[in-house]
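Notes for the one structure printed next.
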Amino acid sequence: MKQPDYRHIILFIIFGVTILIGVVRFIRYPSSHNAVIIVNKKTVSLEEFNDRFKNTSYPNDKNDLIHSMVLKELLVQEALNHGIQNRKDFIKGVKEHFEQALAQAMVDQKYRAIEVNVEDEKIDRYIELDNKILHLTVLNYKDLEAVKQGLHDSEEKMSLPFDKLSQDVKFELLNIVKGQCSSPSCSQSDGCSVFRLDSIQPAPLTKKNLTDRDAIRRIIAEQKKERLMAEWLEKLKSQAFISLQNHSKNDVQNKTEP
């Protein structure tokens, strides 16, 4: 009887074990092909590293970025080993962070999508008012209905150089002339306010007039976009069902309480 050739069997077993070891190593330790950083079982590819480097706060030192990425990965792995990802407070924090990031992404997308046109007349008006002192009367109202009826509760006088005014007030001044009033600015806590342009006078020449039309155009455009954003947010609120439920003070926990 012919004896079996055990050499083929041994070679087959060695080949199978080699493949098995390779599979196990691949599962336990991801391939380091094209990897620039390996931290235990985690690899960072060259493409991922370069993408991070383009948006990094370490523009001149890749070693700083590498140190930061390694340290972060070590902490992430340690946190996973301790099961922090399953803690209720962690899950709640992630949810809140996700919702905040989502809301901010929506705001950013809407802001980028807004296109505005700045008329040359507005730029001329901005240059005209620069280095001027504006004498204004601020009229305070209980609410928007009081504004419509012209029933203001109080008024105050103010005189300020144009460059010391807020961007919002500057924007309003571009749309009115002497004796006219601005559009109302309202809040739930302070009611509404309107300012009237009483007079304009030259200011002492303490600085050079701003005459860069492109820079002024950008300033006005940004303010117009801010106004449109505010109107969009108000529209969202007006179209939504919002209900504030009544609760006694005892039902609402004070933040300082444990």
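The values are calculated or read from the model by the stated rules, or taken from the named source; none is laboratory data. What you see is a predicted model; the values in this text were computed from it and never measured. Positions of Cβ are generated from backbone atoms using ideal geometry, with glycine treated the same way; all protein chains shown enter the neighbour counts.
The table below gives the values:
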item: Filtered residues of segment 127-161 (kept if touching a residue at least 40 places away in the same chain (Cβ under 8 Å), more than 18 Å from Ser183 (Cα to Cα) and in a helix (DSSP H, G or I)); result: Ile127, Leu129
item: Filter result (surrounded by 11 or more Cβ atoms within 10 Å (Cβ to Cβ), assigned to a strand (DSSP E or B) and at pLDDT below 90) within segment 162-190; result: Ser185, Cys186
item: Flag if Asp214 is at negative phi and at pLDDT below 75; result: no
item: Pairs, first on the phi < 0 side of the Ramachandran plot and in contact (Cβ under 8 Å) with a residue 40 or more places away in the chain in segment 84-113, second part of a helix (DSSP H, G or I) and not basic (Lys, Arg), C-beta under 8 Å, six or more apart; result: Val107/Met229; Lys110/Met229; Lys110/Trp232; Tyr111/Met229
item: For Ile133: the one exception among (1) out of contact with any Ser or Thr (no Cβ under 8 Å at 6 or more places or on another chain); (2) assigned by TED's automatic domain parsing to the domain that holds Pro204; (3) surrounded by 11 or more Cβ atoms within 10 Å (Cβ to Cβ); result: (1)
item: Where Leu205 falls short, out of the listed (1) part of a loop (DSSP other than H, G, I, E, B); (2) surrounded by 17 or more Cβ atoms within 10 Å (Cβ to Cβ); result: (2)
item: Odd one out for Ser243 among (1) modelled with pLDDT under 90; (2) in contact with a helix residue (DSSP H, G or I) (Cβ under 6 Å, 6 or more places away or on another chain); (3) of a type outside the set (D, E, K, R); result: (2)
item: Given (1) modelled with pLDDT under 95; (2) within 30 Å of Glu226 (Cβ to Cβ), index of the condition Lys72 fails; result: (2)
item: Val118 being assigned to a helix (DSSP H, G or I), farther than 25 Å from Leu205 by Cα, among the β-branched types (Val, Ile, Thr) and modelled with pLDDT of 90 or more; result: no
item: All positions within segment 202-221 that are among the charged types (D, E, K, R) and touching a residue at least 40 places away in the same chain (Cβ under 8 Å); result: Lys207, Arg213, Arg217
item: Qualifying residues in segment 191-209 (those that are among the aliphatic types (A, V, I, L, M) and modelled with pLDDT under 85) - the one farthest from Asn131 (Cα to Cα); result: Leu205
item: Residue match in segment 145-161 (condition: under 20 Å from Ile219 (Cα atoms) and surrounded by 13 or more Cβ atoms within 10 Å (Cβ to Cβ)); result: yes
item: Residue in segment 217-225 that is exposed (fewer than 11 other Cβ atoms within 10 Å of the Cβ), within 34 Å of the chain's Cα centre (by Cα) and not in a strand (DSSP E or B) present; result: no
